[in-house]
Each structure stands twice: as structure tokens, then as C-alpha cells.
Amino acid sequence: MPYNVDAVFQIAGIGIIVAMIHTVLKQMGKEDFAHWVTLFGFGVVLFMIAMLIQDLFQTIKNVFLFRS
Amino acid sequence: MEIIQVVGIGIIVTFLVLVLKEQKPVFAFLLATFTGIIIFIALAGKIAEVIRVLEHLATQAHVNNLFFETILKIVGIAYIAEFGAQVTRDAGQGSIASKIEMAGKLLIMVMAIPIITVIIETIVQILPA
């Protein structure tokens with residue numbers, strides 16, 4: 001597998017930690033803060049996935065749609 | 001033994017998604033998408049080798065380059081559309097997935113029009129007037 005499989009564990013870790021922080025902040029009574037944390041984590045993961053999707057589309061273009 | 005790596009990462013991600021889905025379903029969905037992309041990119045290199053061989057054979061057999069290129073593009077469109085539709089369907093948006101598939105079919109039909117034109121022109125030439 002040429003690709004960095006570590007990113008999978010990174011995403012899973014980010015998700016678990018964000019869920020934890022969300023729970024703790026909710027217990028402290030700071031609801032809106034908890035939502036901001038979730039949104040931030042979501043943005044980070046979405047950025048990673050967007051980079052990878054760009055890579056995927058470039059690969060498909062190079063493999064299938066060459067000379068265009 | 002690429003297959004063992006792919007199956008291994010699939011099983012690991014399945015467990016991670018199961019754990020994560022209870023807490024944050026969005027992250028579970030993103031993780032599944034990520035894994036799909038990783039597996040696809042890992043396989044794209046293999047497909048490229050096969051296609052290079054096919055291209056070599058087609059050049060040796062003097063096949064019209066237009067046909068070969070069109071067929072490759074159609075296969076590429078099919079892969080991209082299938083991938084997008086699967087991701088969207090995983091997120092629970094079946095209707096958008098259907099639209100993506102419809103767009104893929106339409107674009108494939110548009111790309112196939114030159115070939116169909118050639119075939120029909122050939123048939124018309126063969127037929128006695």
C-alpha cells in the first residue's frame with residue numbers, strides 16, 4: 001500500500017477526541033463552545049479528505065483520460 | 001500480496017467506524033470515504049499498467065486511436081461516477097446518488113456518439129441504395 005494508512009488512524013483519533021471534548025464541554029455547560037470544537041474538527045478532516053480526493057481525480061485523469 | 005493489505009485495512013476501518021459511529025456519525029462517514037479513496041488509489045497503479053499494455057496492443061494492431069481513447073474515457077467516467085454515487089449513497093442521499101449515476105450514463109452516451117456515427121455510416125454504405 002503506497003499510501004499513508006496512518007491518516008486513517010488520524011481521522012479516527014480526531015473523531016474520538018472531538019467526541020470526548022464535546023462531551024466534557026457539554027457537561028461544563030458550554031454548549032456553543034462544544035459545537036465550535038466539533039465544527040473545527042470536521043473542517044480539519046474535511047480538508048484532509050479534499051486533498052486526497054484531488055489526488056484521486058488527478059490519478060484517474062492520468063490513467064484513463066490521458067492525451068486530453 | 002496487495003489483497004491482504006486491502007482486506008486488512010478494510011477490516012480495521014470497519015472496527016474504527018463501528019466505534020466512531022456511536023459518538024460522531026459524520027466522522028465515521030468521512031473515515032469510510034477516506035478508506036475508499038485510499039483503496040482506489042492503491043489500485044489505480046495496477047489499472048494503469050494493464051491499460052499501457054492494451055494501448056501497446058492497439059497500436060500494433062492499427063486500431064483507430066479514436067475508438068481506444070473513447071473506450072478508456074468511458075471506463076474512467078464509469079469509475080468516477082460509481083465512486084461518487086457510492087459515497088453519496090453511504091451518506092444516505094440516495095436521490096443524489098441516482099442523479100450522479102444518471103449524469104454518468106448521459107456523459108458516456110455523449111462520448112459514444114462518434115463511434116455510433118461511424119458504425120451507422122458504415123452500415124449505410126454497405127446497404128444497397
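The values are calculated or read from the model by the stated rules, or taken from the named source; none is laboratory data. Bear in mind that the values here come from a model prediction, so they are computed numbers and not experimental data. Don't worry about glycine lacking a Cβ; one is built from the backbone with ideal geometry, like all the others, and counts go over all protein chains shown. For the accessible areas, the whole protein counts, side chains as well, though only heavy atoms, and no ligand, DNA or RNA atoms are used. Shrake-Rupley method; radii C 1.70, N 1.55, O 1.52, S 1.80 Å.
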Which residues, counting only those in segment B:67-85, are more than 11 Å from chain A (Cβ to nearest Cβ) and over 10 Å from the mean Cα position of the chain (by Cα)?
B:Phe67, B:Ala85
Residue identified as at pLDDT 90 or above and either on the phi > 0 side of the Ramachandran plot or in a helix (DSSP H, G or I) (or both) among B:Leu107, B:Leu72:
B:Leu107
So B:Thr88 ticks every box in (1) at the interface with chain A (Cβ under 10 Å from one of its Cβ atoms); (2) among the polar types (S, T, N, Q); (3) buried (at least 18 other Cβ atoms within 10 Å of the Cβ) but one. Which box is left unticked?
(1)
Of the residues B:Ile51, B:Ile47, which is over 23 Å from A:Ile11 (Cβ atoms), open to solvent by 40 Å² or more (accessible area, probe 1.4 Å) and within 15 Å of the chain's Cα centre (by Cα)?
B:Ile47
Criterion first (at the interface with chain B (Cβ under 7 Å from one of its Cβ atoms) and either open to solvent by 50 Å² or more (accessible area, probe 1.4 Å) or modelled with pLDDT of 85 or more (or both)) does A:Phe42 satisfy it?
yes
Residues B:Ile4, B:Ile39: which one is of a type outside the set (S, T, N, Q), outside the structural domain of B:Thr117 (by TED's automatic domain parsing) and either outside any helix (DSSP H, G or I) or farther than 22 Å from A:Leu52 by Cα (or both)?
B:Ile4
Anything in segment B:4-31 that is among the β-branched types (Val, Ile, Thr) and either facing another protein chain (nearest Cβ under 9 Å) or crowded, with 16+ Cβ neighbours inside 10 Å (or both)? List them, or say none.
B:Val6, B:Ile9, B:Ile12, B:Val13, B:Val17, B:Val19, B:Val26
